[in-house]
Amino acid sequence: LYSKRIVLFPSKTPDALLTTQIINIAFAGLLFFLFPVFGIAPKTILGIYLICSLISIFVWRLFVYPKISTQSKRLSAVLIASGKEAEELVSQVNSNVRYGLEFSAVWDPASLPSEEDFLTTIKQERASVLVADTHNVHNDHFTALLYKNASVECSLQFVEFEALYEEVFDRVPLSRLSHEWFLQNVSPENTFVYASVKRALDILGAFIMGIITIVITPIIFITNRIEGNGPLFIVQTRMGRRGAIVKTYKFRSMRFADGGAWAGETKNTVTKVGKILRITSLDEFPQFLNIFAGDISLIGPRNDIEILGNRLSEALPYYEARYFVKPGITGWAQINQQYEQGNLSPQSIEESKTRLAYDFFYLKHRSLGLDLVIALKTFKRMLFRLGN
């Protein structure tokens, strides 16, 4: 009855871009290699492909797609959900016309209206979409109403609250999590092809990081010595896959070794050299050794220092589930979450909750397409920070 796939908004699935590019490459291959009558050199073919691909995507995304995807009139919707996340959804959707949807009525699942009042409201508001928190709606009368009346008389499109929340915020609603949710949406292993390609890309990325690390190490050593005494590298005990303890290697960016405390909880400060290392993420590059060893990946939920990981596990339900998969140097949360001014990582329980919501979104939807988007956006962020 309920639609898990949102058809109200333009799809933001990262696989769509990857699929488009694969089709583009296949078409170019068929054109130039199966029909070599054009007499164009391979280098010229590559140049033509890159230029045409860039122009096509640019024109499609900026001019064509917005016109065919934008709805001329916002659809009226009814929401059956409660709590902070429901309020966030209503505020975000109703304040932004690009969604093509507006909530005209909101009901608490614990106090649903009568059948007559329900149908009256639907007709008065001319609602065409019903978004419901199916995990918290346990009302036999309401269920019968959906099947027998609303779907026929009102022609409603039914959408799950969780699916819509994910579509809007790119994270999962933490209050809706349960053991059943993890059984249905998260598995520690993915397909053999995905795991093999991901590992190959990890090795390639670690090789590049290793070369960069070797080149910049003398420069960082000299600048560290100019600023003051202290070790060049630090070794941190961090959480690995399934809770395993992993020793990770980083360039030192603080006055002394970081024990996992948040800003304001310690007198430890970032060095001048360390600030540059953090902005450019170069402090993370020595972890190429951990990637080669298979302890971590390039992309995945960011692993915590052991002390901090234990602290968050006690404070946040299901927190340890983020380690179902191999942790990474960068991830979905790192490219999406906005932190307080001057911070590059969560510095409170609330910020860690938001990061957890992004992490679980990654666990649920992880794929090569999503990993590609994370990699590209991470590179973009590094350049943006460097420019500042």
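Find the helices (runs of 4 or more DSSP H) located wholly in region 112-223 whose residues include 2 or more that are at pLDDT below 85, surrounded by 16 or more Cβ atoms within 10 Å (Cβ to Cβ) and aliphatic (A, V, I, L, M), and list them.
Working: elements: 115-125, 140-145, 161-169, 179-185.
Where helices (runs of 4 or more DSSP H) fall fully within region 112-223 and carry at least 2 residues being at pLDDT below 85, surrounded by 16 or more Cβ atoms within 10 Å (Cβ to Cβ) and aliphatic (A, V, I, L, M), they are 115-125.
Considering each residue of region 303-312, count those that are under 24 Å from P173 (Cβ atoms) and either of a type in the set (D, E) or surrounded by fewer than 18 Cβ atoms within 10 Å (Cβ to Cβ) (or both), and give that number.
Here the count works out to 1.
Inside region 264-280, can you point out the residues that are open to solvent by 30 Å² or more (accessible area, probe 1.4 Å) and not β-branched (V, I, T)?
Within region 264-280, G264, E265, K267, K272, K275, R278 qualify.
Exactly one of (1) closer than 22 Å to T213 by Cα; (2) open to solvent by 50 Å² or more (accessible area, probe 1.4 Å) is unmet by P327. Its number?
(2)
Hey, does region 188-211 have a residue that's under 30 Å from Y99 (Cβ atoms), of a type in the set (A, V, I, L, M) and under 22 Å from the mean Cα position of the chain (by Cα)?
Looking only at region 188-211, we keep the residues that are under 30 Å from Y99 (Cβ atoms), and these are none.
No, region 188-211 contains no residue that is under 30 Å from Y99 (Cβ atoms), of a type in the set (A, V, I, L, M) and under 22 Å from the mean Cα position of the chain (by Cα).
The values are calculated or read from the model by the stated rules, or taken from the named source; none is laboratory data. All values derive from a computational prediction rather than experimental measurement. Please note: Cβ atoms are built from the backbone with ideal geometry, for glycine as well, and neighbour counts cover all protein chains shown. Heads up: the accessible areas ignore ligands, DNA and RNA and are worked out on the full protein's heavy atoms, side chains in. Shrake-Rupley method; radii C 1.70, N 1.55, O 1.52, S 1.80 Å.
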